[in-house]
1. Residues in region 37-52 that are open to solvent by less than 70 Å² (accessible area, probe 1.4 Å) and charged (D, E, K, R): how many?
2. In region 231-276, how many residues are charged (D, E, K, R) and touching a strand residue (DSSP E or B) at 6+ places or on another chain (Cβ under 8 Å)?
3. Note down all Cβ pairs under 6 Å where the first residue falls in region 378-389 and is small (Gly, Ala, Ser), the second is surrounded by fewer than 24 Cβ atoms within 10 Å (Cβ to Cβ) and in a helix (DSSP H, G or I), and they're at least six residues apart or on different chains.
4. Exactly one of (1) modelled with pLDDT of 95 or more; (2) under 34 Å from the mean Cα position of the chain (by Cα) is unmet by residue 238. Its number?
5. Would region 191-211 turn up any residue that is surrounded by 19 or more Cβ atoms within 10 Å (Cβ to Cβ), among the basic types (Lys, Arg) and either under 23 Å from the mean Cα position of the chain (by Cα) or more than 24 Å from residue 334 (Cα to Cα) (or both)?
6. State whether the residues of region 62-70 include one that is under 14 Å from the mean Cα position of the chain (by Cα) and at pLDDT 95 or above.
7. Sort out for me the strands (runs of 3 or more DSSP E) sitting completely within region 320-378 that have 1 or more residues that are surrounded by fewer than 18 Cβ atoms within 10 Å (Cβ to Cβ).
8. Mind counting the residues in region 235-259 that are surrounded by fewer than 19 Cβ atoms within 10 Å (Cβ to Cβ) and in contact with a Cys (Cβ under 7 Å, 6 or more places away or on another chain)?
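The values are calculated or read from the model by the stated rules, or taken from the named source; none is laboratory data. In this text, all values refer to a predicted model and were calculated from it rather than measured experimentally. Don't worry about glycine lacking a Cβ; one is built from the backbone with ideal geometry, like all the others, and counts go over all protein chains shown. Heads up: the accessible areas ignore ligands, DNA and RNA and are worked out on the full protein's heavy atoms, side chains in. Shrake-Rupley method; radii C 1.70, N 1.55, O 1.52, S 1.80 Å.
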Amino acid sequence: MTHIAIIGGGASGLMAACTAAQSGTRVTLFERQARVGRKLLATGNGRCNLTNQNAGPSHYHGADPDFVRPALAALRVAETLALFRSLGLLTAPADESGRVYPLSDSANSVLDVLRFELDRRSVTLHAPAPVTAIKRRGASFVVETETDSVPADKVIIACGGCAGGKLGGVSDGYALLQSLGHSRTALHPALTQLNCDSPYPRALKGVRATAHIKLSRNGRTIGENRGEVQFTEKGISGIAVFELSRLVSTGGKCRAELDFLPDVSAPELTQLLTEQAPRRGSLPGEELLTGVLHNKLGRTLCRAADVAGKPCRELSAEELSRCAALCKGFPLDVTGTGSFDSAQVTAGGVSTSEFYPETLESRIVPGLYACGEVLDIDGDCGGYNLQWAWSSGYLAGRCAL
């Protein structure tokens, strides 16, 4: 009987185990933590955004984003949803951005149906059981833990990346693959907040706003996005920010400009403020943007424009124009990103050039496979990383049979 060892009980490892555990195949799953799927439970703020209908190479990053094509074709989004439905999971209709959540709105539902399938397919689970080494024994392998040595015909590395360390993110997979002759790229946090050198984020902590964000470095635009921005004690967060964070973590300091009124032109806004300032009369200038922006945000921008202390009716045309300009381009010096502990995913990983994209088998070590985040592939925010986990885990599990 063929024996397949899978290292890592996250999303890709669970899918690989469920797929590989066919009739006549013995599957052993090694997980370093006491329970499988801990990071999965945290996805989508506990709701588990398990896929996105727009999944395709344009939403992935790495040295070779096209590497994802065969896996995404092997298990497409519709087939992923059908597979989960066959396991008993109902999903809600996709939202306007293509994101799909379980109907229960709970990540526990996703993890539970996968655990039930592991049991149904008689997958042997070793947990907690950190793998300390993988050694070649002729054409097969020996998987070593702190207490045991388990022979295996095939091995699938599905250890994930080092993002989300508090939830189980580790560098084990990189070390295991490097010990077998593989190389990796530099690792950076991705899908995380931007840290800013400015007093304003701390003053605005907790405030949310829809904005257009432009990142620039040395006067050149390096990225733009639009969506929700949330101010934190150290900087800015939110989906629109997360999607730009890899540009900062891989490239260093830059400047962010936030346009809080992307659908209103600067002349239109200046005209509106010119009309409203006399009507506000003796109200302090910090009330100028009341009704235009979140009150706390509006007052902060008025202080930044140095108009907060004057009565609204006494504000000059230049001061009104200055307020409008800050609404349309609020500058923040970005010093870096959140750490790996706060990141949702790792940018970088084991070199995809060392694996066959059609099978995810190593070009260096026959019988060795890798899937999920341990490879140099990371996706945009919104279910793309989980779809890569499902698709690559499925492909590796199928091809290892």
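1. 1
2. Qualifying residue count for the region: 7.
3. Listed pairs, sorted by first residue: 379/59.
4. (1)
5. no
6. Yes: one or more hits.
7. 330-337
8. 1
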